[in-house]
1. At 1.4 Å probe size, with no ligands or nucleic acids counted, give the accessible surface of V461 in Å², nearest ten.
2. Just the accessible area for I319, please: 1.4 Å probe, Å², rounded to the nearest 10?
3. What do you reckon, how do L433, L297, L161 stack up by accessible area (1.4 Å probe), largest on top?
4. For the chain, give me the percentage of DSSP beta bridges that are antiparallel, rounded to the nearest 5 percent.
5. Using the alpha carbon gyration tensor of the stretch 190-335, what are the three equivalent-ellipsoid semi-axes (square root of 5 times each eigenvalue), largest first, in whole Å?
6. How far is helix 220-247 tilted off the main Cα axis of the chain, in degrees rounded to 10, range 0 to 90?
7. Sort E447, E366 by heavy-atom solvent-accessible area, probe 1.4 angstrom, most to least.
8. Which residues does a label at A308 reach in the stretch 247-267, if reach means a backbone N under 16 Å from a point 7 Å past the Cα toward the Cβ?
Amino acid sequence: MAVLSSAPIPLCVDLDGTLLKTDSLWESIVFLLKHRPLSLLLVPFWVLRGKSSLKREVTARATLDYAHLPYHQEFLAFLRAEHAAGRPLVLATAADQHLAEGVASHLGIFQQVFGSRQGINLAGRKKGEALARAFGERGFDYAGNEKRDIEVWIHARQAILVHAPKSLFSLVRQMTAVERVFDGKRNAAASLLRAMRPHQWLKNLLIFVPLFTAHRITSEPVFVEGVVAFASFCFVTSSVYLLNDLLDLAHDRPHPRKRFRPLAAGDLSLPFALTVMPLLFLCGIALAQLLPPAFSLVLLLYFGTTVAYSFYLKQVIIIDVLLLAFLYTVRIIAGHAATGVVYSFWLLLLSMFLFASLALMKRYSELILAKRNGKALAPGRGYLADDAEQVGRLGTASGYLSVLVFALYVNSQDVTRLYQYPQLLWLVCPLLLYWISRIWLLADRGEVHEDPIVFTMKDAVSYIVGLLIAGAMLMAS
């Protein structure tokens, strides 16, 4: 008489979109985009040889940090509990075998790994048939997340759905029992909006600074041109933020705050971001056509500089902060170019020193955080944690030089062209000295979290100082 086996039914687990909130192939492609961009020229040839070859070639050239990939934490906790209870777990994925084994080795809970190999793309029907051969019809349970997993569930005893569309539940229930459902489908629209960083659009208000300092802010045609320029810059800067987040995935995920960014957290899919990014850029360029050609050139200069910064120059000491200062100042140049307001040498010089100080503060804050976390290097930067003190000295010196530039302007003949009572502008100097000294002191305490511009926009004292400065300039005019 045959004895029925009492061994627990193995649970086979999909990787992309199920165990991970991201797609491992796209993760590898983004890695190549950052570190080996020329190798992407070979992708069409790899595709011609089949999807399994594409995965093998891309995976062989990419190095992923398995410890910081965005896992579905609730589902992963469930798997750990099942493993502790003695249930056999199997990683069954269309991802390349080598990559799948890397994930399995890191997690340490899977007994077997089924992945794509040369000539075999283990997805859909092929995956279902492979698991049925290994464990028998209805001899395994399967956890998946998308419609093509139906071809696996028809062979499974029970199904587990992880962050799957609600429409999929009713389809799966018709062919097998549903053991468990893990909810939490991501909201792509909300995640995209967060990734576009609308709060950072406040930086683009610098476009209006030339209008204010030239006393042209109340001119309706000039103001409308400024609004169009502002909107154009918002589209392009959002495109750049998406690119920056894509390239910084490896550095953002271990970071205590940046790991919550939509792309780093897996809340926004990588192919969707790669599609939206050029569309945002094109929208910005389209709006720029309503303005003088000089504005389009400035916009392209900003975009090209930012791309170079994102790919490499952010890792070059001092050059990185000078470029950050330039990227702030170029918004002021864009305001001049869009509206035809005459360029001010004094304004551009002051902005370079002031924004260099803020850029150095951004690096200083990162170095202070790295030092407190016991790290010798700032991730993704060219600085040592021990450079913090010197960076702080450079930053405060640059900030005070901006005050000196303003004082020289007040003492020049140029000031009389715009101000009837230029003596009142001397009031601005102590206000600037106070604000720069205070924000650097707060940075030294660790209260300025990496981006001083965003901090300023949330700081009540900065608003008060700004209003006092504006009031002094209005009285002087």
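1. Here the accessible area works out near 40 Å².
2. 70 Å²
3. L297, L433, L161
4. Bridges in the chain that DSSP calls antiparallel: roughly 15 percent.
5. Working through the eigenvalues yields semi-axes of 28, 17, 14 Å.
6. So the inclination is approximately 40 degrees.
7. On the way: E447 85, E366 20 Å².
Heavy-atom accessible area, descending, gives E447, E366.
8. The answer is none.
The values are calculated or read from the model by the stated rules, or taken from the named source; none is laboratory data. Nothing here was measured: the structure is a model prediction, and the numbers come from that model. We place every Cβ from the backbone using ideal geometry, glycine too, and count neighbours over all the protein chains shown. All accessible areas refer to the heavy atoms of the entire protein, side chains included, with ligands and DNA or RNA removed. Shrake-Rupley method; radii C 1.70, N 1.55, O 1.52, S 1.80 Å.
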